[in-house]
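J.: Just passing along the structure, written as structure tokens.
The values are calculated or read from the model by the stated rules, or taken from the named source; none is laboratory data. Everything quoted here is computed from the prediction, not taken from an experiment. Neighbour counts are summed over all protein chains in view; Cβ atoms, including those assigned to glycine, are modelled from backbone coordinates with ideal geometry.
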């Protein structure tokens, strides 16, 4: 497209030329008498003829050009412009043929007819241009161009009839020996006045089409210059007459350029620009088709085409490294795609900084990277490279106000040892990558035994995507017994999965998959909503108020709108916040700043906060004073050996003592034997849960057996108390 600044650059240069022309005209007007008859009086008819021929050619060219393009534009304005210049062309021909000194044309040539033809042409140009300016542009039918282009013939015939009448109808405009009459000058200045009006209208629209408007302005200015010269010249031999014709020719040239530019040059430039844009778009589309949008790294299509060309050139050992980003799905699900994309970009940059230039680094499906190494001397080389890549990730990624950490799981497949086919090499490397997270080094070479296990895991992950929609997930609730009152005042909500083909899937199997894939976010929200609604159903069924404990995942805790989500869940279920307990694990407390902020906001809602599996993590205990925690849950691994293992017994005693001093409640999990319960009762533990009282049950079972569970719990507690008396 014609550039805005290019148009104004053209205008600036044109203004300089116009100013020079005006200075030249002023000089001619003041000192032109010195050049009177400078070309020789016998040559002026020939010179005039040449000038008029040029003018006729230009005006006829405008008319023909407009006629030729009219089938493609069908603009009423365009056709009127063409008809106007066809008329002016005819009038200029008549003016030329009737000019004094030319051969006989209808009658003896005199200044009378020639001057009137000239004045009619000037008035027609000014009035016609002004009229066309005010006509509203619209599309017309092609047949109308024949009618519009017939008008010039009617006008020129009318002019001939009037000017060649036997008795002159119009007064003379030129008197030989005296020069122009007052009437001629008046008509000439009328044309000038109309041109000034046109100039004013053009200036108002200059910004819309700078180059076209400037050319039209230049034409009007040149016409005014020619009119000025034609009003002050003495006779046809005066240099002012010749210069006036020069400016008249220049005016028509500018008009021709304006029409040519608007109808041919500008559309052609637009076409070229469009072609260039399309070419750039094709290049961009080609680049996008072979590169990842986030990292600008080659994508899977690029990698596959490279492998097909390069893999079989030689039988030398080659390698595919599949690099998985730990916790990426959880970050994307909790913080959003913006954070995840920024982290991917930073990881890609660190990988490029480590990898040699000859290695091909690709980004596949926005989830993992692939490195293709076309020559491998030994596997130790690959192990060292993998360790260097992992080391590059040790420093935290600072993304806005979050300091995010991630590790790399790297799977390696070798050509031709593992496979000769490019698709299998990539797939085997991915299998090894998934298994790498189970190893301490997080680096794994592909082995044939990996395929079956990984395939099953990937299929399970795929099924988990549909489990929520297909209502395959459900909740069970394990009662928690208050040892001070002997009543069941709370339950823990536990998610279960009944696969339609594989049956019951252990939470220990599908929860890690959900966390890695990011599905833990929607599953966690569903658990919250379902558990809160169930508490209200129990209340409606006549059960006393029951607090429900729900586990939060790390991904949920990093959701920016988690507090709002929980508030909305409570509001929708019409459940008082004190009947909801949110459980976190010690491993979540590493990011102290973020956790402190989010937990205080959750606490402000009125819910209680518990630390699950307390004692199994590796965090500093300082979080106990920083976090608004209400409860500690002793992990079942300590409780189960409380009678046989003195270390576990000491740990339980320490947790109970610490909780008492910090004014925290304690829940002991995994109570299966009377001896375990007896010890906890004696140690003044607050609450217990375990198979001794009840395994996790469906909400309906809990509702129907609530009183029975109470009675059984009371019997067990009474027996313990009786045994100590």
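J.: Looking only at segment 478-537, which residues are within 30 Å of residue 328 (Cα to Cα), in a strand (DSSP E or B) and touching a helix residue (DSSP H, G or I) at 6+ places or on another chain (Cβ under 8 Å)?
T.: Within segment 478-537, 493, 494, 495, 496, 497, 499, 505 meet the criteria.
Residues are listed down the side, and each one gets a yes or a no for (1) buried (at least 19 other Cβ atoms within 10 Å of the Cβ); (2) at pLDDT below 90:
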position: 649; (1), (2): no, yes
position: 691; (1), (2): no, no
position: 696; (1), (2): no, no
position: 705; (1), (2): no, no
position: 713; (1), (2): yes, yes
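J.: Considering only residues of segment 663-675 that are touching a helix residue (DSSP H, G or I) at 6+ places or on another chain (Cβ under 6 Å) and at negative phi, which is surrounded by the most Cβ atoms within 10 Å (Cβ to Cβ)?
T.: 668
J.: Could you grab me the full set of residues in segment 75-114 that are buried (at least 23 other Cβ atoms within 10 Å of the Cβ) and touching a strand residue (DSSP E or B) at 6+ places or on another chain (Cβ under 7 Å)?
T.: Of everything in segment 75-114, just one residue is buried (at least 23 other Cβ atoms within 10 Å of the Cβ) and touching a strand residue (DSSP E or B) at 6+ places or on another chain (Cβ under 7 Å), namely 98.
J.: Just a yes or no: is a residue in segment 463-475 touching a helix residue (DSSP H, G or I) at 6+ places or on another chain (Cβ under 6 Å), assigned by TED's automatic domain parsing to the domain that holds residue 699 and part of a strand (DSSP E or B)?
T.: There is at least one residue in segment 463-475 that is touching a helix residue (DSSP H, G or I) at 6+ places or on another chain (Cβ under 6 Å), assigned by TED's automatic domain parsing to the domain that holds residue 699 and part of a strand (DSSP E or B).
J.: So, residue 432, is that one assigned to a helix (DSSP H, G or I) and in contact with a strand residue (DSSP E or B) (Cβ under 7 Å, 6 or more places away or on another chain) or not?
T.: Yes, satisfied.
J.: Let me ask you something else. Take segment 525-561 and flag every residue that is crowded, with 18+ Cβ neighbours inside 10 Å, touching a residue at least 60 places away in the same chain (Cβ under 8 Å) and closer than 27 Å to residue 402 by Cα.
T.: 551, 553, 554, 555, 556, 557, 558, 559
J.: Taking residue 410 and the conditions (1) touching a strand residue (DSSP E or B) at 6+ places or on another chain (Cβ under 7 Å); (2) assigned to a helix (DSSP H, G or I), which numbered condition does it fall short on, given that it satisfies the others?
T.: (2)
J.: Here is a follow-up. Given the structure, is residue 465 surrounded by fewer than 18 Cβ atoms within 10 Å (Cβ to Cβ), modelled with pLDDT of 80 or more and within 28 Å of residue 558 (Cα to Cα)?
T.: yes
J.: Another question, if that's okay. Name the residues in segment 570-598 that are within 15 Å of residue 402 (Cα to Cα), buried (at least 19 other Cβ atoms within 10 Å of the Cβ) and modelled with pLDDT of 80 or more, would you?
T.: 598
Residue by residue, here is whether (1) touching a residue at least 12 places away in the same chain (Cβ under 8 Å); (2) more than 60 Å from the chain's Cα centre (by Cα); (3) not assigned by TED's automatic domain parsing to the domain that holds residue 67 holds:
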| residue | (1), (2), (3) |
| --- | --- |
| 93 | yes, yes, no |
| 112 | yes, yes, no |
| 135 | yes, no, no |
| 145 | yes, no, no |
| 158 | no, yes, no |
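J.: Is segment 131-145 home to any residue that is touching a helix residue (DSSP H, G or I) at 6+ places or on another chain (Cβ under 6 Å), surrounded by fewer than 18 Cβ atoms within 10 Å (Cβ to Cβ) and at pLDDT 85 or above?
T.: Among the residues of segment 131-145, not one is touching a helix residue (DSSP H, G or I) at 6+ places or on another chain (Cβ under 6 Å), surrounded by fewer than 18 Cβ atoms within 10 Å (Cβ to Cβ) and at pLDDT 85 or above, which makes the answer no.
J.: Out of the residues in segment 408-425 that are buried (at least 16 other Cβ atoms within 10 Å of the Cβ) and farther than 25 Å from residue 388 by Cβ, which is farthest from the chain's Cα centre (by Cα)?
T.: Per the stated criteria, the residue is 419.
J.: If you don't mind, there's one more thing I want to ask. For segment 623-704, list the helices (runs of 4 or more DSSP H) that sit wholly inside it and hold at least 1 residues that are out of contact with any strand residue (DSSP E or B) (no Cβ under 7 Å at 6 or more places or on another chain) and either farther than 23 Å from residue 718 by Cα or not assigned by TED's automatic domain parsing to the domain that holds residue 583 (or both); which are they?
T.: 623-626, 636-639, 646-661, 699-704
J.: Look at residue 154 and say whether it is loosely packed, with under 15 Cβ neighbours inside 10 Å, part of a helix (DSSP H, G or I), assigned by TED's automatic domain parsing to the domain that holds residue 222 and in contact with a helix residue (DSSP H, G or I) (Cβ under 9 Å, 6 or more places away or on another chain).
T.: No; evaluated as a whole, the condition is false for this residue.
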